Amino acid sequence: MPELIRYEVRDRVAVLTVDNPPVNALGPGVPEAIEAAVARGCADAGIDAIVLIGSGSTFIAGADIRIFATIKNREQSLERSESIHARLMRIEDATKPTVAAIHGTALGGGLEVAMSFHYRVMAPDAKVGQPEVLLGIIPGAGGTQRLPRLCGAAMAIDMCTAGKPVAAQQALAAGIVDQITGPSLRDDAIAFAQSKVGAIRKTRERSERIASRDAGIAACAAARAALAKTARGVKAPFTAVDAIEGAFTLDFEGGSLRERELFADCVMSHESRALRHMFFADREAAKVPDVPKDTPVTKIERAAVIGAGTMGGGIAMAYANAGIPVLLKDVDDAAVLKGMATIRKNYESTVAKGKMTAEAMARTLSLITPTTAYDGFEHVDIVVEAAFEDMNLKKQIFADLGRITRPSSILASNTSTLDIDEFAKASGRPRQVIGHHFFSPANVMKLLEIVRGKETSKEAIATSLALAKRLGKVGVVVGNCFAFVANRMLAYYMREALLLLEEGATVPQIDNAMTEFGMPVGPFGMQDIAGIDVGWRIRQFLKSIGKTRAEGPQSAVPDRLYEMGRYGQKTGAGWYKYEAGSRNRIHDPLVDQIAAEEAATRGITRRAVKDEEIIARIMTALANEGARVLEEGYATRASDIDAVYCYGFGYPRHVGGPMFYADAIGLPTVLARVKQYREQCGDYWQPAALLEKLAAEGKSFN
Ligand code: 3H9
């Protein structure tokens, strides 16, 4: 068994090094080992003080998240938290001063351990945080009680409800840590510990920041009111506030007990199961079975984007935001200047919102160089093509790129519908060609669908995954099927929404049902933003090659809107009406009338449709198509599909993605629904073979 804690002595200070790679999580044995090492230091006459430090890249990243899945019920959760609570009390009762020395991140249980030490010092680039809400839980080892004692109600609430880590300067100013160290954290922590010999200070006994009960209660009330607007559909942030309130209304023991009870409620919730699933889904997505971890990766130092339209501009911003210089090429000055003006406007609006400084904007903008020629393309490590969806145009571009760029450059396409292998052939360098499908707005949406062609090299895939992380995105590798995974599934989501509309639901009813479910915007509101003309163009292209977006009846309602010039928000009308200059969606009975006419043409008797049916049908369509994607091998695992849908279209992470949601309902139920809809709606509902197989075997997708 490797040692989880190393115990060394330097100048009468015991240095305890946690060694539990990769992130020193508090897995089985780690809290016990910390307690034992602290006790050893206290018992050792040759020791005056104790320092706890992490090995590798970080201090302690919190509890081992996998452990939560082993908690069977509330009682077991209470037992386990009581045990860690008692352990941290014993650590805090150390008879010699203890110092936590933080580098990397002290998160969740990691910060809780640090707060049970008498002092904390941190490296200038380290961060501390209580990110538990992002996992649907709250701090469960005294965080909601010790943190307010260090930094007061407002900051504790902020940290525990938003989950965002705070940087060293802010942590020092707030009183969470006592010193920011110089270049040697270890040496400085030892010196700091020596300066505290004889000075024991227990966080749980500190009262200055929680002295005003009324102020604490008022801060909690204000936080609840603010969360009611921002934290829709999730419970954990509210629960964190309830727990923090206990720091102001109860003594330490009472507040800690309340925290443990609230933690137990959270850890058993669907919200927590779903968010924990998504935590691992994000990371699993980076693992591609036939692309080993040690596959060589090209460091992307310079990039180029072709096409300065909405997507190309957004992609250039994503690169610039990551500090990568990027050439932005379009056919003429007018196009490229228009693209640059939009980019500038986007940054200006970020600055106006206070989310970026003017200097940072100038610095970032200076990384984007507009051009109308291929000059400089010979120096770039990657080109992302984001031209119009036209096969011949794109093939020409890839042929040019194959000639102009260095043999090692990656040639990526942002196509959403076209065959990557055709571009690969045209380039003459198929191993370097790959799909990089961004989602609009490309500088914001977190998904990067990485599409591997027949001959794409492992190096190109590994480089794309590393690049996605650098761009702040979740990269998911998918196969080269029509529309890839995200848009292929979206087609089924939209098909069902359109058919429900013809059957008698209204546009606002369907949109509201889906936003109540947790989507940021309903299917029709989303199309009004994206442009009904965009969908029309894709349908025309598909018609020309004898395809449809999704199997099943094709509603004619979107074409009727297109023919009326109703393209969505940009034309003041689409699925909704809009008043001049406003994005407020207004229900338009004319759309109901068109839907009724099309229903009559298809012989459908309209009826009242319940919200539950809307959600169930749309979710079943997604899961069934997701199962087909899996059985055809276009996604590696179900959780990749969950990541795709969450990060590409804003599917609520706290629900866990469409495949996780199906697992939660139970695959036999999902299968029964498919069969029921086949009876009710027609033979276009056919269960995926994988769904039938897994349901019969009592298994799940994930
Ligand atoms: C908690 O503490 C509750 C307490 O209140 C109660 C205490 C009793 N557990 O992200 P990376 C794995 S709740 C298990 O790619 P980075 C991760 O899956 C916890 N595994 O690295 C990955 O594995 P693989 C509160 C973990 O450098 C590998 O480590 N804490 C954990 O980009 C590398 O991860 C958090 O929520 C974990 N806690 O980022 C912190 N953390 O290689 C969650 C990571 O097999 N963690 N792994 O795919 C993070 O935010 C980031 O991992 C961190 C490093 C910033 C630490």
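Compute the Cα gyration tensor for segment 484-637, then decide on rounded, prolate or oblate, letting a ≥ b ≥ c be the square roots of its eigenvalues: rounded whenever a/c is under 1.5, prolate when a/b is larger than b/c in the other cases, and oblate in all that remain.
rounded
Residues of segment 93-240: accessible area per residue at 1.4 Å, in Å²?
That works out to 37 Å² for each residue.
Return the distance in nm (one decimal) between the two label points of a simple spin-label model at Arg344 and Thr548, each offset 7 Å from Cα along Cα→Cβ.
It is 4.8 nm.
Rounded to whole Å, give me the distance from the Cα center of segment 598-628 to that of segment 659-673.
Each part reduced to its Cα centre gives a spacing of 16 Å.
Show me the ranking of peptides 43-49, 154-160, 666-672 by mean Cβ neighbours inside 10 Å, starting with the highest.
154-160, 666-672, 43-49
Note down the nm distance, to one decimal, between modelled labels 7 Å out along Cα→Cβ at Lys395 and at Leu365.
So the label points at Lys395 and Leu365 sit 4.1 nm apart.
Rounded to the nearest angstrom and ordered from largest down, what semi-axes does the equivalent ellipsoid of segment 620-702 get from its C-alpha gyration tensor (root of 5λ)?
Each semi-axis is √(5λ); the values are 20, 14, 12 Å.
Using only Cα atoms, find the angle between the long axis of helix 310-321 and the longest principal axis of the chain, and express it within 0 to 90 degrees, rounded to the nearest 10.
With rounding to tens, the tilt is 20 degrees.
Enumerate the whole-percent occupancy of each 10 Å bin, from 0 to the last occupied one, for all C-alpha pair distances of segment 303-483.
11, 41, 36, 11, 1
Taking Cα atoms, how many degrees apart are the long axis of helix 486-503 and the longest axis of the chain, rounded to 10 and kept between 0 and 90?
60
Based on the alpha-carbon gyration tensor of the chain, what equivalent-ellipsoid semi-axes (square roots of 5 times the eigenvalues) come out, in whole Å, largest first?
Largest first, the chain gives 48, 31, 24 Å.
Distance between the C-alpha centers of segment 210-236 and segment 59-121? Whole Å please.
Going from one Cα centre to the other spans 25 Å.
Of the beta bridges DSSP finds with both residues in the chain, what % are antiparallel, to the nearest 5?
30
In percent, what relative contact order does segment 375-431 have, based on Cα pairs under 8 Å that are 6 or more apart in sequence?
After rounding, I find 43 percent.
Tell me, what is the per residue accessible area of segment 516-603 in Å², probe radius 1.4 Å?
In whole numbers, segment 516-603 has 53 Å² accessible per residue.
For segment 303-483, what does the accessible surface come to per residue with a 1.4 Å probe? Please give it in Å².
41
Calculate, in nm to one decimal, what Ser83 and Asn512 gain on full extension: separation in residues at 0.36 nm each, minus their alpha carbon distance.
149.9 nm
The values are calculated or read from the model by the stated rules, or taken from the named source; none is laboratory data. Since we're looking at a predicted model, the values are computed, not measured. So basically every Cβ, Gly included, is an ideal-geometry build from the backbone, and we count neighbours across all protein chains shown. Keep in mind that these areas ignore ligands, DNA and RNA; they rest on the heavy atoms of the full protein, side chains included. Shrake-Rupley method; radii C 1.70, N 1.55, O 1.52, S 1.80 Å.
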